[in-house]
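Read through the structure below, which is laid out as structure tokens, and then see the notes.
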Amino acid sequence: MCGIVGYIGNKKAYPVLIKGLSRLEYRGYDSAGIALLENQDKLNVYKRAGKVQDLVDYIGDSSTEGNVGIGHTRWATHGLPNDTNAHPHFSSDGNIMLVHNGIIENYDIIKKELTKRGHSFQTETDTEVLVHLIEEVYKKSGVSIEEAVRTSLNEVHGAYAIAVICKDTPDKIICARKSSPLVIGVGEDEYYVASDATPIVEYTKNVVYLEDEQIAIVDKNNGLRIISIANVEVSPYIQELELQLEELEKGGYEHFMLKEIYEQPRAIHDSFRGRLNASEGWISLGGIKDYEEQIANADRIIIIACGTSWHAGLVGEYYFEDLARIPVEVEYASEFRYRNPVIRKNDVVIAVSQSGETADTMAALKMAKAEGATLLGIVNVVGSSISRITDAGSYTHAGPEIGVASTKAFTTQVTVLAMMAMAIGKKRGTISDKRFNNLLIEMEALPTKIEKLLKSNDYIQGIAEIYKDASNALFLGRGSAFPIALEGALKLKEISYIHAEGYPAAEMKHGPIALIDEEMPVFVIATKGPHYEKVVSNIQEVKARKGKIIAVVTKGDTAVREIADHFIEIPDTDDVLVPILATVPFQLISYHIAVMRECNVDQPRNLAKSVTVE
Ligand code: M6R
């Protein structure tokens, strides 16, 4: 939700900011803006509703001078996504500029107080209130700009990652964070500030991840200084980035989403590389090694997540219950955190998150931590907030996911959940050696099987063509394929804006069957396995009502082929791993339909990749 970027050094700030904003655009694309400090007397501010490219077009030939600047790409919370509400926001005298990712919850009270003191506000945003508060402290108390920022932050409630520049101190950027991420890149006599490392990686690999309630004073002449908002000095901990620049490019694909779908063989391979070996018969997740005993003896596993990651959690429930025989609850983080749930010390809470920054998932984790539960993370972004708050965990190693619709992040989450459940099942003796070894072989075969499956892309595109104008769609599955029905429906609705529902196949007759007519495409996972016959009966029920069946079947299946309108074959695998393979055709169907409907596949309307506000 919103991306912020900043630069101070000897280069021209403008190209760095614009490139950085383009990289962060996945976080929000309602409006964009920059402030460039040309010199102590000249501060240029440009803001525009729309995308970063709209901002660039708007700036045109205007002055883009200056070696210091900040920028913002917005996902609107307070106020319409128009030019006025776009960041940066500025103080009454226009001398202080601020960009913000997060929400200032008590902005209304502060706004009233500042209004009494003579401030007037141009925008509907919470952010403008914060910059006026900083100005008030700065002018009235005569303190330094960093002290004014620190004092002001002590007055606000909510979440923030901010970057502030001030005409009086043109060699400094002041930044701070609480519950919204912020990274500082440390170069040679130059510094970068950003919501994540993607705008920084091409300039320097040395970064400092700011912690909650820390303020960084980035000074071109005097280096980087970090203090807490309680004014305690902190030594900056510089880490080296593993991220590669090529991972952030489209690499010849038309969209990031398609590239990321095609990266799944590699991503899944990376998620288990060095963690299992079928010929030697072992699985070992280094990140949870020290906690295996605790997980194996847990009374209960609670999986918390949002969106697609929640669907992965649902698949995880089948895995842990089936393979490790531990009771599991899967919770929407946003519901869990406000429900006064019973959490016990012997519970293991697993957070699943691509970004590792989702606000609700973070808040739910903090709550579970306070109750003494053991916290594990299954996270993609290395060094993210969730990876840092959890006691242990396993990265998914999917690599950067830029498309807003989650694809490779999901299949790698499911892969890691399967490995965890297998490792714990092995430890508890709840999985036979035969099944364990067979699963290892099947896991190792997954990348090759997905590669084969991706060869059906053109054929799947043909099916997409037939259903591209549908207004509604149903997705059905049973057992661990039910979460895949949910995920298939989410993918279709979020990128093509077709209304879609996912249901357990047998639930259909309890209501949704009323929707079925000759116009309704029904996507069904009907692979060979324990539910096969039952699903075939459910397909017959749809056909009897003239619904259109698009079935995902195991290669070589003949029975479903005969009754389905269309079928998509996936390679045969253990039933446990069907969710991973069955996901891919639905990703491709959604992708092609969205392209045919001329939707913005990588940046669907109203969405943002990283939901750092509740
Ligand atoms: O970064 P996270 O995995 O925590 O994000 C959770 C959801 O916001 C995310 O999965 C969202 O549902 C995606 N748009 C789905 O494609």
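The values are calculated or read from the model by the stated rules, or taken from the named source; none is laboratory data. Please read these numbers as outputs of a predicted model, since none were measured by experiment. Positions of Cβ are generated from backbone atoms using ideal geometry, with glycine treated the same way; all protein chains shown enter the neighbour counts. Side chains are part of the model used for accessible areas, which takes the heavy atoms of the whole protein and leaves out ligands, DNA and RNA. Shrake-Rupley method; radii C 1.70, N 1.55, O 1.52, S 1.80 Å.
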Pulled fully out, how much extra length does the chain show between LYS434 and LYS12, if you take 0.36 nm times their separation in residues and subtract their Cα-Cα distance? 145.7 nm
Is any residue of the stretch 1-45 close enough, with backbone N under 16 Å, to a label point placed 7 angstrom from the Cα of ASP189 along the Cα-Cβ axis, and if so, which? 8-13
Please give the helix 13-24 orientation as an angle from the longest Cα principal axis of the chain, in degrees from 0 to 90, rounded to the nearest 10. 30
GluC sites (Glu not before Pro), restricted to the stretch 150-222: which are DSSP loop and have at most 13 other Cβ atoms within 10 Å? GLU188
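Of all the Cα-Cα pairs you can form in the stretch 62-108, what percent are over 16 Å apart? Each step should come with its number before you reach the end.
Working: 550 of 1081 pairs.
The share of Cα pairs beyond 16 Å in the stretch 62-108 comes to 51 percent.
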Of 370-377, 124-131, ordering from highest average Cβ density within 10 Å down gives 124-131, 370-377
Kirkwood hydrodynamic radius over Cα pairs of the stretch 3-247, then Stokes diffusion coefficient at 25 °C and 0.890 mPa s, in µm²/s: 140
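How much of the accessible area of the stretch 456-600, in percent, comes from carbon and sulfur atoms when a 1.4 Å probe is used?
Values: 2630 of 5430 Å².
Of all accessible area on the stretch 456-600, carbon and sulfur atoms account for 49 percent.
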In the stretch 3-247, what percent of the accessible surface is made up of carbon and sulfur (1.4 Å probe, ligands and nucleic acids excluded)? 45
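Would you mind putting 580-593, 56-69 in packing order, based on average other-beta-carbon counts within 10 Å, highest first? Could you put the intermediate results ahead of the total?
On the way: 580-593: 26.5, 56-69: 16.4.
Averaged packing, sorted descending, gives the order 580-593, 56-69.
How many percent of the alpha carbon pairs in the stretch 390-516 exceed a separation of 18 Å? All intermediate terms of the calculation are to be shown ahead of the outcome.
Working: 5507 of 8001 pairs.
Every Cα pair in the stretch 390-516 considered, those over 18 Å come to 69 percent.
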Compactness summary of the stretch 456-600: radius of gyration and Dmax from Cα atoms, Å, are 13.6, 40
Cα-derived Rg over Rh, computed across the stretch 302-362 with Rh taken as Kirkwood radius: 0.96
Taking only C-alpha pairs under 8 Å that are 6+ residues apart, what is the relative contact order of the chain in percent? 12
Along its three principal axes, how long is the stretch 254-454 when you only count alpha carbons? Whole Å, largest extent first please. 47, 43, 24
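If contacts are Cα pairs under 8 angstrom and at least 6 residues apart, what is the relative contact order of the stretch 524-614 in percent? Before the final figure, lay out each step's value.
Working: 83 pairs, mean separation 18.9, N = 91.
Relative contact order here is 21 percent.
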For the chain, with every protein chain kept in place, what is the accessible area per residue (1.4 Å probe, Å²)? 37
Projected-area mean, the chain, by convex hull of Cα positions, square nanometres: 27.8
Would you work out the relative contact order for the stretch 3-247, in percent, from Cα pairs under 8 angstrom that are 6 or more residues apart? 19
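Restricting to bridges with both residues inside the stretch 254-454, how much of the DSSP beta-bridge set is antiparallel, in percent to the nearest 5? Show your work: numbers first, answer last.
Values: 2 of 22 bridges.
For the stretch 254-454, the DSSP antiparallel bridge percentage is about 10.
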First compute the accessible area of the stretch 385-443 with a 1.4 Å probe, then give the percent of it belonging to carbon and sulfur atoms. 49
Using a Förster radius of 35 Å, what is the FRET efficiency between LYS534 and ASN277 based on their Cβ-Cβ separation? Nearest 0.05, please. 0.45
